[in-house]
Amino acid sequence: MNFNIGDYAVPLIFAAVFIFGLAKKTDVFSEFLKGVEEGLGTVRDIFPSLMALVTCVGMFRACGGVELLTEWLKPVTELFGFPAECTPLVILRPFSGSGAVALYENILTQTGADSFAGRVASVMLGSSETTFYTIAVYFSATKVKKIRYALAAALVGDVCGWILSAAAVRIFLGA
């Protein structure tokens with residue numbers, strides 16, 4: 001029999017919490033229920049923003065908005081030496097992580113993992129964030145209404161990450 005601590009991690013954590021609660025004379029079950037109630041309240045608060053974001057991203061992709069923006073951005077991406085295959089990833093990444101991963105897999109399938117576009121897509125996916133999703137979820141959960149500066153800073157960071165991903169691949173991988 002092969003012993004793997006990972007197989008027992010969750011039961012051990014539950015046991016440790018239960019033993020700690022007993023030692024502190026805390027009603028662990030009622031505290032657990034309070035946590036569940038608080039978590040459901042957070043879900044209730046962020047769900048409308050999350051649903052609106054997912055719906056808008058789906059509509060934007062379905063109506064051909066990604067392809068249209070890709071064509072409009074082509075002169076700019078060529079100026080920076082950014083691969084055209086990665087432009088849809090640039091557009092979708094700030095909105096949808098799962099959509100970005102689907103595009104990433106498509107880029108790797110079409111161009112190969114060791115191609116310039118594949119490497120740039122890999123660096124870009126690892127160094128960027130689903131900005132609008134993150135802002136929608138966290139700012140909604142914390143009831144912050146003024147997101148202007150946070151959004152601007154996050155988008156500047158995303159743009160720098162996109163541009164520098166191509167430069168980094170060229171510099172470090174010689175592509």
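Bear in mind these aren't lab numbers, they're just calculated from the coordinates by the rules spelled out. Only a predicted model underlies this, so the values are computations on that prediction, with no experimental measurement involved. Cβ placement follows ideal geometry from the backbone for every residue including glycine, while neighbour counts extend to all protein chains displayed.
Taking every C-alpha pair closer than 8 Å and separated by at least 6 residues, the mean separation divided by the residue count of the stretch 80-159 gives a relative contact order of 30 percent.
In the elastic network of the chain, a GNM with C-alpha springs shorter than 10 Å, the most mobile of PHE82, PHE32, PHE95 is PHE32.
In the stretch 42-107, one over the average inverse separation of all distinct C-alpha pairs is 12.9 Å, which is the Kirkwood hydrodynamic radius. For the chain, modelled as a GNM whose springs connect Cα atoms under 10 angstrom apart, the maximal fluctuation among VAL54, VAL28, VAL66 occurs at VAL28. As a length-normalised measure over Cα pairs under 8 Å and 6 or more apart, the relative contact order of the chain settles at 21 percent. Sorting the segments 110-117, 122-129 by their residues' average number of neighbouring beta-carbon atoms within 10 angstrom, most packed first, yields 122-129, 110-117. Once you reduce the stretch 1-53 and the stretch 137-153 to the center of their Cα atoms, the two points are 27 Å from each other.
Rounded to the nearest 500 deg cm²/dmol, what is the calculated helix-only ellipticity per residue at 222 nm for the chain, with -39500 (n - 2.57) per DSSP H run of length n ≥ 4? Before the final figure, lay out the partial values.
On the way: 8 runs with 135 residues, N = 175.
About -26000 deg cm²/dmol.
Charge dipole of the stretch 47-173 (Cα centre as origin; +1 on each Lys and Arg Cβ, -1 on each Asp and Glu Cβ, all else neutral): 560 debye, rounded to the nearest 20.
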